[in-house]
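S.K.: Just passing along the structure, written as structure tokens.
The values are calculated or read from the model by the stated rules, or taken from the named source; none is laboratory data. All figures in this text were calculated on a predicted structure; none of them were measured in a lab. Cβ placement follows ideal geometry from the backbone for every residue including glycine, while neighbour counts extend to all protein chains displayed. Heads up: the accessible areas ignore ligands, DNA and RNA and are worked out on the full protein's heavy atoms, side chains in. Shrake-Rupley method; radii C 1.70, N 1.55, O 1.52, S 1.80 Å.
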Amino acid sequence: PSTQTQIAGFQFNNCLMNAAGVACMTIAELEEVKNSAAGSFVTKTATLEPRAGNPEPRYRDVPLGSINSMGLPNQGLAYYLNYLLDLQNREPERTFFLSLVGMSPDETHTILRQVQESGFTGLTELNLSCPNVPGKPQIAYDFETTEKLLGEVFAYFSKPLGVKLPPYFDIVHFDQAAAIFNKFPIKFVNCVNSIGNGLYVEDETVAIRPKNGFGGIGGEYIKPTALANVHAFYQRLNPAIQIIGTGGVLTGRDAFEHILCGASMVQVGTTLHKEGVSAFARITEELQAIMAEKGYETLEDFRGKLKYLG
Ligand SMILES: O=C(O)c1[nH]c(=O)[nH]c(=O)c1I
């Protein structure tokens, strides 16, 4: 069976890739993901200037997942954009993702204009969901701001762009968010970012330093929420807007469920942090075994075909 896929008309030889933030801060890390069984990579979310991020410890792997309050540390847009421009000349047949966001709407426009004016031919993932910059709300929880920002962006940005979303927990919010995204030529929505502002306690103490221990939750804890967001947007969005599924992917079975719920690409975060890039080959083999057992040749044989109980 084949686990190849396409996003916005770009072909990928595998439907698995890293989630932004994991294994993607440096060129060395990105090259390792690129040279693994992953079909693509996304960079760490880039801001205009490099950022040190929050004080450590700011990321912890825990038995059922992870907690992080990194605070958007990154090498700055130029570092990632220059690498991607060089890479697309070296490997023109492959497509990669650039994740970005400004520390303000104006900075977001500055960054996106730089990308627009560059020769970048890959996919842009606008991160509307970072939960860990003290004082900064998750943009996509503010529907008015999100609609205004996207309206401004699409006045000048013509390269393929998708958005990274926080998890929503209310059917009305799925309705309202989807109604906004359906207004714009967005190529994909990526559901979900970490569940924001969880708290992990060891003995009597928090596990991470920033924000008195509050941080985004990933891993097994979040798969039911991730699948619900993937499927809710799959049900509601214009079919021209594809879904990337992120959250709780440990095994081929988890990847299968994301695709069954409507995802065209599946991202791996916490599991990749714990296991390393060998996770991509393992999960791919597990997914192919499930597809073979069920007689599915391609993702399209089962993508979005979640059954209800009537
Ligand atoms: O703290 C971070 O850097 C971070 N952490 C997350 O869990 N999601 C995000 O989008 C980001 I930008």
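S.K.: Hey, I195 hits all of (1) of a type outside the set (S, T, Y); (2) farther than 23 Å from V266 by Cα; (3) surrounded by fewer than 23 Cβ atoms within 10 Å (Cβ to Cβ) but one; which does it fall short on?
M.R.: So the condition that I195 fails would be (2).
S.K.: Can you tell me how many residues in the stretch 92-133 are more than 16 Å from the ligand (Cβ to nearest atom), touching a residue at least 40 places away in the same chain (Cβ under 8 Å) and charged (D, E, K, R)?
M.R.: Total satisfying the criteria: 2.
S.K.: Oh, and also: So which residues in the stretch 208-220 are surrounded by fewer than 21 Cβ atoms within 10 Å (Cβ to Cβ) and under 30 Å from R253 (Cβ atoms), if there are any at all?
M.R.: Correct list: E220 only.
S.K.: Looking at the stretch 47-73, I want the residues that are free of Cβ contacts under 8 Å to residues at least 12 places away in the same chain and have a partner that is more than 7 Å from the ligand (Cβ to nearest atom) and among the charged types (D, E, K, R) with Cβ atoms under 9 Å, at least 6 apart or on another chain. Which pairs are those?
M.R.: Final answer for the pair search is P63/E220.
S.K.: So which residues in the stretch 287-310 are assigned to a helix (DSSP H, G or I) and out of contact with any Lys or Arg (no Cβ under 7 Å at 6 or more places or on another chain)?
M.R.: L287, Q288, A289, M291, A292, E293, K294, L299, E300, D301
S.K.: Write out, first by first residue and then by second, each pair whose Cβ atoms fall under 7 Å of each other, whose residues are 6+ apart or on separate chains, and whose first residue, in the stretch 192-209, is within 25 Å of N18 (Cα to Cα) and away from the ligand (no atom under 13 Å from the Cβ) while the second is in a loop (DSSP other than H, G, I, E, B) and open to solvent by 20 Å² or more (accessible area, probe 1.4 Å).
M.R.: A207/Y200
S.K.: Find all pairs meeting these conditions: Cβ atoms under 9 angstrom apart; at least six residues apart or on different chains; first residue within the stretch 15-26 and hydroxyl-bearing (S, T, Y); second residue more than 11 Å from the ligand (Cβ to nearest atom).
M.R.: Short answer, once both residue conditions are applied: T26/Q75; T26/Y79.
S.K.: Here's something else I'd like to know. Could you please find all residues in the stretch 171-194 being within 17 Å of the chain's Cα centre (by Cα) and assigned to a loop (DSSP other than H, G, I, E, B)?
M.R.: I186, K187, V192, N193, S194
S.K.: Find the strands (runs of 3 or more DSSP E) located wholly in the stretch 1-68 whose residues include 2 or more that are aromatic (F, W, Y) and either within 16 Å of the ligand (Cβ to nearest atom) or surrounded by 15 or more Cβ atoms within 10 Å (Cβ to Cβ) (or both), and list them.
M.R.: Result: 10-12.
S.K.: Take S99 and decide whether it is assigned to a loop (DSSP other than H, G, I, E, B), crowded, with 21+ Cβ neighbours inside 10 Å and of a type in the set (S, T, Y).
M.R.: So S99 fails the test.
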